[in-house]
Amino acid sequence: MKAALVVHRVTRDIEHNVCTMLSAVQDAARAEAELILFAEMASTGFINGDDPERDRAIAEPIPGPTTDRLAVSAREHGAWIGAGMFERDDPALYDSAVLIDPTGRIRLTYRRMQPNWRTRDADPDTYRLGDRVTAAETPFGRVAFLLCGDLFTQGGAQHDPVTENDILEPAMATQQMFDYYSHTKNARPIFDK
């Protein structure tokens, strides 16, 4: 299976960002990618969670306008698409990710569990955290998301274990070795539980 890891310039213009994403899907599909992955908050850019009124206007429901457009693109190109989203599930806001299958169906929605995506002063009743790692079965194996700090702070028996075999690392795109375990002294026990 061929995967495309897309890192695009994100601007304040969400429509421009979504069009860039759709163009990247088309380019990746032409290059025969079957799985096309975008970064965290790919359509909006990273939001720090200090202005709920502004952030509610930017965030989108899942499903919503951006996931609908990605679903059409997934169907057109017969590809799986994974993308980070700034999700609005009124009244809550989440740092989320979706996996869309080649039929355009959302197969997985994940909400970041680690709190450092929001500011210290952000209202936790508005800027909420997910509470579980879920997975979807795909033709290329079982797939789950972890976003940024989740990779290092996922802990406790309430979550399915994550192992080194479960990670599609950025190193795959750069062909450089990267030691995820080097970032925290607690990573190895989390992965190996």
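The values are calculated or read from the model by the stated rules, or taken from the named source; none is laboratory data. Source: prediction; values computed, not measured. In this analysis, Cβ positions are derived from the backbone assuming ideal geometry, glycine residues included, and neighbour counts consider all displayed protein chains. These area figures cover heavy atoms from the full protein model, side chains too; ligands, DNA and RNA do not enter into them. Shrake-Rupley method; radii C 1.70, N 1.55, O 1.52, S 1.80 Å.
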Segments 18-28, 118-128, 73-83 sorted - mean Cβ within 10 Å per residue, highest first: 73-83, 18-28, 118-128
Assigned charges on the beta-carbon of Lys, Arg, Asp, Glu; the range 19-87 dipole about Cα centre (debye): 220 debye
By average C-beta atoms within 10 angstrom, highest first, the peptides 55-61, 40-46: 40-46, 55-61
Vicinal HN-Hα couplings computed from phi for the range 89-102 (Karplus, 6.51 cos²θ - 1.76 cosθ + 1.60; Hz; Gly/Pro x): 10, 2, x, 8, 10, 9, 8, 10, 9, 10, 10, 10, 8, x
Protein accessible area in the range 80-139, 1.4 Å probe - carbon and sulfur %: 40 percent
Modelled FRET efficiency - R0 25 Å, residue 142 with residue 105, Cβ distances, 0.05 increments: 0.90
Model label zone, residue 76; criterion: amide N under 20 Å from point 7 Å along Cα-to-beta-carbon; scope the range 1-28: 4-9, 14-28
Cβ-placed point charges (K, R +1; D, E -1), dipole of the range 1-154 about Cα centre in debye, nearest 20: 400 debye
Heavy-atom SASA rank of 85, 113 (probe 1.4 Å, accessible area, largest first): 113, 85
